[in-house]
1. How about the stretch A:112-124: which of its residues are closer than 15 Å to residue B:39 by Cβ and more than 20 Å from the chain's Cα centre (by Cα)?
2. Could you tell me which of the residues A:179, A:208 is modelled with pLDDT under 90 and either assigned to a helix (DSSP H, G or I) or in contact with a Ser or Thr (Cβ under 8 Å, 6 or more places away or on another chain) (or both)?
3. Does residue B:144 qualify as being among the small types (Gly, Ala, Ser) and either within 14 Å of chain A (Cβ to nearest Cβ) or more than 30 Å from residue A:116 (Cβ to Cβ) (or both)?
4. Going by what's in this entry, would residue B:36 be described as surrounded by 15 or more Cβ atoms within 10 Å (Cβ to Cβ), of a type outside the set (Phe, Trp, Tyr) and at pLDDT 80 or above?
5. If you scan the stretch A:86-99, which residues turn out to be in contact (Cβ under 8 Å) with a residue 24 or more places away in the chain and more than 8 Å from chain B (Cβ to nearest Cβ)?
6. Taking the criterion of being surrounded by fewer than 21 Cβ atoms within 10 Å (Cβ to Cβ), among the hydrophobic types (A, V, I, L, M, F, W, C) and part of a helix (DSSP H, G or I), would at least one residue in the stretch B:150-157 satisfy it?
7. Within the stretch A:1-33, track down each residue that is more than 10 Å from chain B (Cβ to nearest Cβ), within 18 Å of residue A:46 (Cβ to Cβ) and at pLDDT below 85.
8. Go through the stretch A:63-100 and give me each residue that's among the charged types (D, E, K, R) and surrounded by fewer than 22 Cβ atoms within 10 Å (Cβ to Cβ).
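The values are calculated or read from the model by the stated rules, or taken from the named source; none is laboratory data. Everything numeric here is computed off the predicted structure, so don't read it as measured data. Please note: Cβ atoms are built from the backbone with ideal geometry, for glycine as well, and neighbour counts cover all protein chains shown.
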Amino acid sequence: MTLASQVLVPRLDTDAPVPALSIRDISHSYRERRALVDVSFDVPRGAFAVLLGLNGAGKTSLFSLVTRLYAAQHGSIAVLGFDVAREPAQALSRLGVVFQARTLDLDLTVMQNLLYHASLHGIGGREGRALADDTLARTQMRERAHDKARVLSGGQMRRIEIARALLHRPSLLLLDEPTVGLDVNARKSILTYVRELVAEENIGVLWTTHLIDEVEDGDDLVILHRGRVLAKAIAGELVARAGAMNVGGAFERVIVAAPSELDA
Amino acid sequence: MTSSAVTKSGAPARTHFGLHQYAICMAGIVWREGLRFLHQRERFISALVRPLVWLFIFAAGFRQVLGVSIIPPYETYVLYEVYITPGLIAMIQLFNGMQSSLSMVYDREMGNMRTLLVSPMPRWFLLSSKLIAGTAVSLLQVYAYLVIAYFWEIEPPTPWGYLTVLPALILVGLMLGSLGLLLSSLIKQLENFAGVMNFVIFPMFFASSALYPLWRVQESSPWLYYVCQANPFTHAVELIRFAFYQQLNVRALAIVLACGIVFMAGAILAYNPAIGLSLRRAG
(Lines give C-alpha, C1' and ligand atoms only; values in the text may rest on other atoms or scores of the structure.)
Protein backbone atom coordinates (compact mmCIF):
# COMPACT_ATOMS: atom_id res chain seq x y z
CA MET A 1 0.00 0.00 0.00
CA THR A 2 1.34 3.43 -0.89
CA LEU A 3 1.32 6.38 1.46
CA ALA A 4 -0.93 8.31 -0.85
CA SER A 5 -3.59 5.60 -0.78
CA GLN A 6 -3.93 5.64 2.98
CA VAL A 7 -7.07 7.02 4.54
CA LEU A 8 -6.58 10.43 6.11
CA VAL A 9 -7.94 11.26 9.50
CA PRO A 10 -8.67 14.98 9.77
CA ARG A 11 -8.33 15.16 13.56
CA LEU A 12 -4.58 15.68 13.30
CA ASP A 13 -4.64 17.87 10.23
CA THR A 14 -6.42 20.69 11.89
CA ASP A 15 -4.51 23.72 13.10
CA ALA A 16 -6.08 23.35 16.53
CA PRO A 17 -3.42 23.94 19.14
CA VAL A 18 -3.24 20.37 20.41
CA PRO A 19 0.16 20.10 22.06
CA ALA A 20 2.53 17.41 20.85
CA LEU A 21 2.87 16.30 24.46
CA SER A 22 0.63 17.12 27.38
CA ILE A 23 1.56 15.96 30.89
CA ARG A 24 -1.00 16.55 33.63
CA ASP A 25 -0.58 16.00 37.39
CA ILE A 26 1.71 13.02 37.06
CA SER A 27 2.75 11.42 40.33
CA HIS A 28 4.64 8.16 40.60
CA SER A 29 6.30 6.24 43.41
CA TYR A 30 8.57 3.24 43.72
CA ARG A 31 7.27 1.72 46.91
CA GLU A 32 7.96 4.42 49.55
CA ARG A 33 10.13 6.60 47.30
CA ARG A 34 8.28 9.33 45.45
CA ALA A 35 9.88 9.70 42.03
CA LEU A 36 7.47 12.28 40.53
CA VAL A 37 5.05 14.65 42.27
CA ASP A 38 2.30 16.54 40.41
CA VAL A 39 4.31 17.05 37.25
CA SER A 40 2.50 19.07 34.57
CA PHE A 41 3.71 20.75 31.40
CA ASP A 42 3.11 20.84 27.64
CA VAL A 43 5.38 20.57 24.64
CA PRO A 44 3.77 22.41 21.70
CA ARG A 45 4.30 21.24 18.15
CA GLY A 46 7.30 22.90 16.58
CA ALA A 47 8.89 23.53 19.98
CA PHE A 48 12.23 22.42 21.34
CA ALA A 49 11.63 21.75 25.03
CA VAL A 50 14.41 20.87 27.43
CA LEU A 51 13.71 18.88 30.56
CA LEU A 52 16.63 19.90 32.75
CA GLY A 53 17.48 18.23 36.02
CA LEU A 54 20.29 16.76 38.05
CA ASN A 55 20.85 13.03 38.10
CA GLY A 56 18.01 11.41 40.04
CA ALA A 57 15.62 14.29 39.38
CA GLY A 58 13.06 11.92 37.85
CA LYS A 59 13.73 12.59 34.17
CA THR A 60 14.10 8.94 33.18
CA SER A 61 11.05 7.97 35.26
CA LEU A 62 8.97 10.56 33.43
CA PHE A 63 10.41 9.37 30.15
CA SER A 64 9.42 5.78 30.96
CA LEU A 65 5.87 6.85 31.73
CA VAL A 66 5.52 8.85 28.51
CA THR A 67 6.75 5.88 26.48
CA ARG A 68 4.40 3.57 28.42
CA LEU A 69 7.16 1.29 29.57
CA TYR A 70 5.01 1.33 32.68
CA ALA A 71 1.80 3.07 33.60
CA ALA A 72 1.51 6.25 35.64
CA GLN A 73 -0.10 5.77 39.04
CA HIS A 74 -1.71 9.21 38.96
CA GLY A 75 -2.33 11.83 36.28
CA SER A 76 -2.47 11.63 32.52
CA ILE A 77 -0.16 11.88 29.54
CA ALA A 78 -1.33 12.60 26.00
CA VAL A 79 0.57 12.60 22.72
CA LEU A 80 -1.16 14.86 20.21
CA GLY A 81 -4.32 14.52 22.24
CA PHE A 82 -4.19 10.72 22.48
CA ASP A 83 -4.05 9.44 26.03
CA VAL A 84 -1.08 7.11 26.46
CA ALA A 85 -2.94 4.84 28.89
CA ARG A 86 -6.31 4.66 27.10
CA GLU A 87 -5.21 4.99 23.46
CA PRO A 88 -1.69 3.55 23.49
CA ALA A 89 -1.56 2.55 19.81
CA GLN A 90 -2.56 6.01 18.62
CA ALA A 91 -0.23 7.73 21.07
CA LEU A 92 2.81 5.51 20.50
CA SER A 93 2.49 5.60 16.72
CA ARG A 94 3.04 9.38 16.93
CA LEU A 95 6.02 9.08 19.18
CA GLY A 96 9.69 8.72 18.24
CA VAL A 97 12.02 7.72 21.03
CA VAL A 98 15.77 7.84 21.55
CA PHE A 99 16.72 6.12 24.78
CA GLN A 100 19.68 7.00 26.92
CA ALA A 101 21.19 3.53 26.51
CA ARG A 102 22.24 2.47 23.01
CA THR A 103 19.46 0.36 21.56
CA LEU A 104 20.72 -0.52 18.10
CA ASP A 105 21.18 -4.22 17.43
CA LEU A 106 24.93 -4.30 16.90
CA ASP A 107 24.89 -7.53 14.85
CA LEU A 108 22.49 -6.09 12.29
CA THR A 109 23.28 -3.54 9.60
CA VAL A 110 21.99 0.01 9.79
CA MET A 111 19.35 -0.77 7.16
CA GLN A 112 18.28 -3.97 8.96
CA ASN A 113 17.88 -2.01 12.19
CA LEU A 114 15.67 0.52 10.42
CA LEU A 115 13.58 -2.13 8.68
CA TYR A 116 13.07 -3.93 11.98
CA HIS A 117 11.85 -0.68 13.52
CA ALA A 118 9.54 -0.09 10.55
CA SER A 119 8.03 -3.54 11.00
CA LEU A 120 7.32 -2.77 14.67
CA HIS A 121 5.13 0.05 13.35
CA GLY A 122 3.43 -2.23 10.84
CA ILE A 123 5.37 -0.77 7.92
CA GLY A 124 6.96 -3.34 5.65
CA GLY A 125 8.12 -4.13 2.14
CA ARG A 126 8.80 -1.36 -0.31
CA GLU A 127 7.18 1.25 1.89
CA GLY A 128 9.47 0.42 4.79
CA ARG A 129 12.54 0.43 2.58
CA ALA A 130 11.55 3.75 1.00
CA LEU A 131 11.04 5.36 4.40
CA ALA A 132 14.37 3.94 5.63
CA ASP A 133 16.17 5.27 2.54
CA ASP A 134 14.55 8.66 2.91
CA THR A 135 15.34 8.86 6.62
CA LEU A 136 18.97 7.89 6.04
CA ALA A 137 19.24 10.55 3.36
CA ARG A 138 17.79 13.19 5.67
CA THR A 139 20.27 12.27 8.40
CA GLN A 140 23.12 12.13 5.86
CA MET A 141 23.85 8.52 6.77
CA ARG A 142 22.85 6.82 3.53
CA GLU A 143 26.37 5.64 2.76
CA ARG A 144 26.42 3.68 6.05
CA ALA A 145 23.21 1.79 5.27
CA HIS A 146 24.90 -1.58 4.84
CA ASP A 147 27.46 -1.25 7.61
CA LYS A 148 27.02 -3.25 10.77
CA ALA A 149 25.87 -1.00 13.62
CA ARG A 150 28.85 -2.33 15.59
CA VAL A 151 31.38 -0.45 13.44
CA LEU A 152 29.77 2.98 13.86
CA SER A 153 31.15 5.65 16.19
CA GLY A 154 29.10 6.79 19.18
CA GLY A 155 27.96 9.91 17.35
CA GLN A 156 26.98 7.96 14.24
CA MET A 157 25.03 5.46 16.33
CA ARG A 158 23.12 8.32 17.88
CA ARG A 159 22.35 9.75 14.44
CA ILE A 160 21.04 6.37 13.33
CA GLU A 161 18.95 6.08 16.48
CA ILE A 162 17.47 9.50 15.76
CA ALA A 163 16.89 8.47 12.14
CA ARG A 164 15.16 5.34 13.38
CA ALA A 165 12.99 7.32 15.78
CA LEU A 166 11.91 9.55 12.88
CA LEU A 167 11.30 6.77 10.37
CA HIS A 168 7.58 6.38 11.05
CA ARG A 169 7.19 10.20 10.90
CA PRO A 170 6.27 10.94 14.52
CA SER A 171 4.89 14.27 15.71
CA LEU A 172 6.81 14.12 18.97
CA LEU A 173 10.44 13.15 19.43
CA LEU A 174 11.66 12.18 22.89
CA LEU A 175 15.36 12.04 23.60
CA ASP A 176 16.64 10.88 26.96
CA GLU A 177 20.10 12.37 27.58
CA PRO A 178 21.08 11.63 23.97
CA THR A 179 24.53 13.22 24.16
CA VAL A 180 25.80 11.22 27.12
CA GLY A 181 29.13 9.63 26.25
CA LEU A 182 29.69 11.72 23.10
CA ASP A 183 32.61 14.06 22.46
CA VAL A 184 32.09 17.81 22.14
CA ASN A 185 31.84 17.82 18.34
CA ALA A 186 29.39 14.94 18.20
CA ARG A 187 27.26 16.56 20.91
CA LYS A 188 27.12 19.82 19.01
CA SER A 189 26.31 18.06 15.74
CA ILE A 190 23.44 16.06 17.25
CA LEU A 191 21.99 19.07 19.02
CA THR A 192 22.15 21.23 15.88
CA TYR A 193 20.57 18.47 13.83
CA VAL A 194 17.61 18.02 16.18
CA ARG A 195 17.04 21.80 16.37
CA GLU A 196 16.90 21.89 12.57
CA LEU A 197 14.35 19.10 12.62
CA VAL A 198 12.06 21.16 14.82
CA ALA A 199 12.20 24.05 12.37
CA GLU A 200 11.89 21.97 9.21
CA GLU A 201 9.38 19.33 10.23
CA ASN A 202 7.27 21.10 12.85
CA ILE A 203 7.64 18.28 15.34
CA GLY A 204 7.73 18.76 19.07
CA VAL A 205 10.95 17.70 20.78
CA LEU A 206 11.44 16.89 24.45
CA TRP A 207 15.16 16.74 25.17
CA THR A 208 16.07 15.58 28.66
CA THR A 209 19.50 16.48 29.94
CA HIS A 210 21.55 17.44 32.96
CA LEU A 211 23.94 19.47 30.77
CA ILE A 212 23.10 23.15 31.11
CA ASP A 213 25.13 24.21 28.07
CA GLU A 214 22.65 22.35 25.85
CA VAL A 215 19.93 24.91 26.63
CA GLU A 216 19.47 27.96 24.38
CA ASP A 217 17.59 31.14 25.24
CA GLY A 218 14.66 30.38 22.93
CA ASP A 219 14.03 26.87 24.26
CA ASP A 220 11.05 25.90 26.36
CA LEU A 221 12.71 24.99 29.64
CA VAL A 222 11.30 22.73 32.34
CA ILE A 223 13.40 22.34 35.49
CA LEU A 224 12.76 19.11 37.34
CA HIS A 225 14.19 18.65 40.81
CA ARG A 226 13.52 15.76 43.16
CA GLY A 227 10.50 14.76 41.13
CA ARG A 228 8.85 18.21 41.06
CA VAL A 229 8.69 20.87 38.37
CA LEU A 230 10.34 23.95 39.89
CA ALA A 231 10.15 26.16 36.81
CA LYS A 232 8.76 26.15 33.29
CA ALA A 233 9.35 29.07 30.95
CA ILE A 234 11.23 30.20 27.88
CA ALA A 235 14.85 29.84 28.94
CA GLY A 236 15.78 33.47 28.20
CA GLU A 237 12.79 34.74 30.17
CA LEU A 238 13.66 32.54 33.12
CA VAL A 239 17.21 33.89 33.15
CA ALA A 240 15.89 37.47 33.18
CA ARG A 241 13.29 36.72 35.84
CA ALA A 242 15.88 35.05 38.06
CA GLY A 243 18.26 37.97 37.60
CA ALA A 244 20.96 35.57 36.50
CA MET A 245 23.69 35.90 33.90
CA ASN A 246 22.85 32.70 32.08
CA VAL A 247 20.82 29.48 32.21
CA GLY A 248 23.32 27.92 34.62
CA GLY A 249 22.91 30.79 37.03
CA ALA A 250 19.14 30.69 36.76
CA PHE A 251 19.13 26.93 37.32
CA GLU A 252 21.20 27.30 40.49
CA ARG A 253 18.93 30.02 41.87
CA VAL A 254 15.82 27.97 41.19
CA ILE A 255 17.32 24.93 42.89
CA VAL A 256 18.54 26.93 45.89
CA ALA A 257 15.13 28.55 46.27
CA ALA A 258 13.38 25.19 46.24
CA PRO A 259 11.45 24.31 49.41
CA SER A 260 13.74 22.52 51.84
CA GLU A 261 11.35 19.56 52.22
CA LEU A 262 12.28 18.53 48.69
CA ASP A 263 15.78 17.76 49.89
CA ALA A 264 14.57 15.46 52.60
CA MET B 1 -8.87 -1.54 7.48
CA THR B 2 -5.83 0.54 8.04
CA SER B 3 -6.03 4.25 8.43
CA SER B 4 -3.42 6.86 8.87
CA ALA B 5 -3.11 10.56 9.49
CA VAL B 6 -0.81 12.90 7.68
CA THR B 7 0.88 15.36 9.97
CA LYS B 8 2.20 18.72 8.86
CA SER B 9 5.50 17.06 8.02
CA GLY B 10 3.72 14.63 5.73
CA ALA B 11 3.79 12.00 8.41
CA PRO B 12 2.00 8.70 7.89
CA ALA B 13 1.13 8.09 11.54
CA ARG B 14 -1.35 5.23 11.68
CA THR B 15 -4.41 5.39 13.85
CA HIS B 16 -5.50 1.77 13.48
CA PHE B 17 -3.72 -1.41 12.57
CA GLY B 18 -5.16 -4.06 10.32
CA LEU B 19 -4.22 -7.70 9.91
CA HIS B 20 -1.63 -6.73 7.31
CA GLN B 21 0.23 -4.49 9.79
CA TYR B 22 0.10 -7.19 12.46
CA ALA B 23 1.54 -9.68 9.98
CA ILE B 24 4.33 -7.26 9.04
CA CYS B 25 5.18 -6.71 12.68
CA MET B 26 5.28 -10.43 13.48
CA ALA B 27 7.33 -11.16 10.37
CA GLY B 28 9.78 -8.42 11.39
CA ILE B 29 10.25 -9.88 14.85
CA VAL B 30 10.71 -13.43 13.49
CA TRP B 31 13.11 -12.11 10.82
CA ARG B 32 15.23 -10.32 13.41
CA GLU B 33 15.35 -13.41 15.64
CA GLY B 34 16.39 -15.50 12.63
CA LEU B 35 19.15 -13.05 11.73
CA ARG B 36 20.43 -13.05 15.29
CA PHE B 37 20.42 -16.83 15.27
CA LEU B 38 22.41 -16.93 12.02
CA HIS B 39 24.92 -14.48 13.47
CA GLN B 40 25.37 -16.62 16.55
CA ARG B 41 26.74 -19.81 14.99
CA GLU B 42 28.13 -21.00 18.30
CA ARG B 43 24.58 -20.94 19.68
CA PHE B 44 23.44 -23.28 16.90
CA ILE B 45 26.42 -25.58 17.35
CA SER B 46 26.06 -25.79 21.12
CA ALA B 47 22.33 -26.43 20.72
CA LEU B 48 23.23 -29.46 18.61
CA VAL B 49 26.27 -30.68 20.51
CA ARG B 50 24.44 -30.90 23.83
CA PRO B 51 21.88 -33.55 22.83
CA LEU B 52 24.38 -35.33 20.60
CA VAL B 53 26.73 -35.78 23.56
CA TRP B 54 23.84 -37.34 25.47
CA LEU B 55 22.98 -39.52 22.52
CA PHE B 56 26.44 -40.69 21.51
CA ILE B 57 28.04 -40.98 24.93
CA PHE B 58 25.45 -41.20 27.68
CA ALA B 59 22.94 -43.34 25.81
CA ALA B 60 25.59 -45.58 24.29
CA GLY B 61 27.15 -46.12 27.71
CA PHE B 62 23.85 -46.86 29.45
CA ARG B 63 22.39 -48.98 26.69
CA GLN B 64 23.22 -52.21 28.51
CA VAL B 65 22.39 -50.91 31.97
CA LEU B 66 18.98 -49.36 31.44
CA GLY B 67 16.48 -51.74 29.90
CA VAL B 68 13.26 -50.37 28.52
CA SER B 69 10.28 -52.67 28.50
CA ILE B 70 7.56 -52.39 25.90
CA ILE B 71 5.51 -49.34 26.81
CA PRO B 72 3.30 -47.21 24.59
CA PRO B 73 3.85 -45.93 22.00
CA TYR B 74 6.51 -48.61 21.38
CA GLU B 75 5.29 -51.99 20.17
CA THR B 76 8.64 -53.73 20.38
CA TYR B 77 11.71 -53.43 22.52
CA VAL B 78 13.60 -50.29 21.56
CA LEU B 79 17.18 -49.28 22.02
CA TYR B 80 17.85 -46.82 24.81
CA GLU B 81 18.98 -44.26 22.19
CA VAL B 82 15.56 -44.47 20.62
CA TYR B 83 13.87 -44.08 24.00
CA ILE B 84 15.73 -40.93 25.02
CA THR B 85 15.50 -39.17 21.64
CA PRO B 86 12.12 -37.46 22.43
CA GLY B 87 13.60 -36.31 25.72
CA LEU B 88 16.64 -34.91 23.95
CA ILE B 89 14.42 -33.14 21.43
CA ALA B 90 12.48 -31.59 24.29
CA MET B 91 15.80 -30.69 25.90
CA ILE B 92 16.78 -28.75 22.77
CA GLN B 93 13.52 -26.84 23.04
CA LEU B 94 13.93 -26.33 26.78
CA PHE B 95 17.38 -24.83 26.34
CA ASN B 96 16.16 -22.72 23.43
CA GLY B 97 13.25 -21.41 25.50
CA MET B 98 15.64 -20.49 28.30
CA GLN B 99 18.09 -19.00 25.79
CA SER B 100 15.29 -16.77 24.56
CA SER B 101 14.60 -15.61 28.07
CA LEU B 102 18.33 -14.99 28.51
CA SER B 103 18.27 -12.82 25.39
CA MET B 104 15.22 -10.97 26.77
CA VAL B 105 17.10 -10.19 29.97
CA TYR B 106 20.13 -9.17 27.91
CA ASP B 107 17.95 -6.99 25.67
CA ARG B 108 16.42 -5.42 28.72
CA GLU B 109 19.78 -4.62 30.25
CA MET B 110 21.13 -3.33 26.93
CA GLY B 111 17.99 -1.34 26.19
CA ASN B 112 16.93 -3.22 23.02
CA MET B 113 13.84 -4.46 24.80
CA ARG B 114 12.57 -0.89 25.09
CA THR B 115 12.52 -0.43 21.34
CA LEU B 116 10.23 -3.45 21.14
CA LEU B 117 7.94 -2.34 23.94
CA VAL B 118 7.40 1.22 22.63
CA SER B 119 5.93 -0.22 19.44
CA PRO B 120 2.30 0.84 19.06
CA MET B 121 1.29 -2.80 18.66
CA PRO B 122 -0.36 -4.40 21.72
CA ARG B 123 2.14 -5.78 24.15
CA TRP B 124 0.56 -9.24 24.21
CA PHE B 125 1.04 -9.36 20.46
CA LEU B 126 4.69 -8.31 20.67
CA LEU B 127 5.42 -10.97 23.29
CA SER B 128 3.54 -13.62 21.30
CA SER B 129 5.53 -12.70 18.19
CA LYS B 130 8.75 -13.00 20.17
CA LEU B 131 7.56 -16.39 21.37
CA ILE B 132 6.74 -17.59 17.86
CA ALA B 133 10.14 -16.40 16.66
CA GLY B 134 11.87 -18.40 19.39
CA THR B 135 9.82 -21.49 18.60
CA ALA B 136 10.69 -21.24 14.90
CA VAL B 137 14.38 -21.18 15.81
CA SER B 138 13.93 -24.25 18.05
CA LEU B 139 12.33 -26.15 15.15
CA LEU B 140 15.44 -25.57 13.04
CA GLN B 141 17.57 -26.97 15.83
CA VAL B 142 15.36 -30.02 16.36
CA TYR B 143 15.25 -31.00 12.69
CA ALA B 144 19.01 -30.53 12.38
CA TYR B 145 19.35 -32.93 15.33
CA LEU B 146 16.93 -35.43 13.73
CA VAL B 147 18.97 -35.42 10.53
CA ILE B 148 22.08 -36.41 12.47
CA ALA B 149 20.13 -38.93 14.55
CA TYR B 150 18.88 -40.54 11.33
CA PHE B 151 22.43 -41.57 10.50
CA TRP B 152 22.56 -43.17 13.96
CA GLU B 153 19.56 -45.24 12.88
CA ILE B 154 17.17 -43.32 15.09
CA GLU B 155 14.09 -42.61 13.07
CA PRO B 156 10.30 -42.84 13.31
CA PRO B 157 8.60 -46.05 12.17
CA THR B 158 7.60 -44.29 8.94
CA PRO B 159 8.86 -41.00 7.49
CA TRP B 160 5.44 -39.49 8.30
CA GLY B 161 6.65 -39.34 11.87
CA TYR B 162 8.81 -36.36 10.92
CA LEU B 163 5.65 -34.54 9.93
CA THR B 164 3.32 -35.70 12.71
CA VAL B 165 5.85 -34.62 15.32
CA LEU B 166 5.80 -31.05 13.99
CA PRO B 167 2.59 -29.85 15.74
CA ALA B 168 3.87 -31.38 18.99
CA LEU B 169 7.18 -29.56 18.56
CA ILE B 170 5.37 -26.27 17.95
CA LEU B 171 3.21 -26.69 21.07
CA VAL B 172 6.14 -27.73 23.24
CA GLY B 173 8.24 -24.87 21.85
CA LEU B 174 5.48 -22.39 22.67
CA MET B 175 5.00 -23.81 26.16
CA LEU B 176 8.69 -23.78 27.06
CA GLY B 177 9.16 -20.38 25.39
CA SER B 178 6.30 -18.98 27.48
CA LEU B 179 8.00 -20.32 30.57
CA GLY B 180 11.18 -18.57 29.43
CA LEU B 181 9.29 -15.30 28.91
CA LEU B 182 7.77 -15.55 32.37
CA LEU B 183 11.18 -16.26 33.91
CA SER B 184 12.74 -13.35 32.03
CA SER B 185 10.28 -11.03 33.74
CA LEU B 186 11.31 -12.37 37.14
CA ILE B 187 15.07 -12.26 36.66
CA LYS B 188 16.58 -8.98 37.79
CA GLN B 189 19.97 -9.26 36.17
CA LEU B 190 21.81 -11.38 33.67
CA GLU B 191 24.02 -12.82 36.41
CA ASN B 192 20.98 -14.42 38.01
CA PHE B 193 20.51 -16.59 34.97
CA ALA B 194 22.81 -19.25 36.44
CA GLY B 195 20.03 -19.81 38.94
CA VAL B 196 17.69 -20.69 36.09
CA MET B 197 20.08 -23.46 35.07
CA ASN B 198 20.16 -24.87 38.59
CA PHE B 199 16.57 -24.37 39.61
CA VAL B 200 14.67 -24.75 36.33
CA ILE B 201 16.49 -26.53 33.53
CA PHE B 202 18.19 -29.33 35.44
CA PRO B 203 15.28 -30.22 37.74
CA MET B 204 12.83 -30.13 34.83
CA PHE B 205 15.00 -32.34 32.69
CA PHE B 206 16.01 -34.92 35.29
CA ALA B 207 12.64 -35.14 37.07
CA SER B 208 10.86 -36.22 33.91
CA SER B 209 10.43 -39.18 31.61
CA ALA B 210 13.19 -37.89 29.33
CA LEU B 211 15.87 -40.32 30.51
CA TYR B 212 13.90 -43.16 32.10
CA PRO B 213 10.32 -44.41 31.91
CA LEU B 214 8.15 -43.38 34.82
CA TRP B 215 7.34 -46.96 35.87
CA ARG B 216 11.02 -47.34 36.73
CA VAL B 217 10.95 -44.11 38.70
CA GLN B 218 7.85 -45.30 40.55
CA GLU B 219 9.57 -48.54 41.51
CA SER B 220 12.51 -46.75 43.04
CA SER B 221 10.82 -43.69 44.54
CA PRO B 222 7.04 -43.13 44.62
CA TRP B 223 7.35 -39.45 45.64
CA LEU B 224 9.75 -38.75 42.79
CA TYR B 225 7.21 -40.37 40.50
CA TYR B 226 4.62 -37.80 41.59
CA VAL B 227 7.12 -34.99 41.10
CA CYS B 228 7.73 -36.25 37.57
CA GLN B 229 4.00 -36.43 36.94
CA ALA B 230 3.59 -32.84 38.09
CA ASN B 231 6.43 -31.68 35.87
CA PRO B 232 5.07 -30.22 32.60
CA PHE B 233 8.30 -31.19 30.87
CA THR B 234 7.36 -34.88 31.35
CA HIS B 235 4.21 -34.31 29.34
CA ALA B 236 6.09 -32.32 26.72
CA VAL B 237 8.40 -35.31 26.25
CA GLU B 238 5.49 -37.74 26.05
CA LEU B 239 3.62 -35.55 23.55
CA ILE B 240 6.68 -35.59 21.29
CA ARG B 241 7.31 -39.32 21.86
CA PHE B 242 3.79 -40.29 20.79
CA ALA B 243 3.66 -37.82 17.90
CA PHE B 244 6.95 -39.20 16.56
CA TYR B 245 5.14 -42.56 16.38
CA GLN B 246 2.08 -40.95 14.77
CA GLN B 247 0.00 -41.24 17.90
CA LEU B 248 -1.72 -38.64 20.06
CA ASN B 249 -1.29 -38.61 23.81
CA VAL B 250 -4.39 -36.61 24.74
CA ARG B 251 -3.45 -36.16 28.40
CA ALA B 252 -0.01 -34.83 27.48
CA LEU B 253 -1.57 -32.53 24.90
CA ALA B 254 -4.05 -31.11 27.43
CA ILE B 255 -1.35 -30.50 30.04
CA VAL B 256 1.08 -28.91 27.58
CA LEU B 257 -1.69 -26.63 26.28
CA ALA B 258 -2.87 -25.67 29.76
CA CYS B 259 0.67 -24.97 31.01
CA GLY B 260 1.45 -22.95 27.89
CA ILE B 261 -1.61 -20.77 28.43
CA VAL B 262 -0.84 -20.24 32.12
CA PHE B 263 2.83 -19.38 31.49
CA MET B 264 1.95 -17.00 28.67
CA ALA B 265 -0.76 -15.29 30.70
CA GLY B 266 1.76 -14.86 33.52
CA ALA B 267 4.33 -13.37 31.14
CA ILE B 268 1.81 -10.94 29.63
CA LEU B 269 0.78 -9.84 33.12
CA ALA B 270 4.38 -9.41 34.19
CA TYR B 271 5.11 -7.24 31.14
CA ASN B 272 1.88 -5.25 31.54
CA PRO B 273 2.73 -1.54 31.96
CA ALA B 274 0.31 -1.25 34.88
CA ILE B 275 2.26 -3.94 36.72
CA GLY B 276 5.54 -3.33 34.95
CA LEU B 277 7.31 -5.85 37.14
CA SER B 278 10.33 -6.51 34.97
CA LEU B 279 10.89 -3.01 33.68
CA ARG B 280 10.42 -1.39 37.02
CA ARG B 281 13.06 -3.66 38.40
CA ALA B 282 15.32 -2.83 35.52
CA GLY B 283 14.95 0.86 36.35
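1. Selection gives A:112, A:116.
2. Within the list A:179, A:208, the selection yields A:179.
3. no
4. yes
5. A:96, A:98
6. No, there is no match, as no residue in the stretch B:150-157 is surrounded by fewer than 21 Cβ atoms within 10 Å (Cβ to Cβ), among the hydrophobic types (A, V, I, L, M, F, W, C) and part of a helix (DSSP H, G or I).
7. Result: A:14, A:16, A:17.
8. Listed by number, the residues that qualify are A:83, A:86, A:87.
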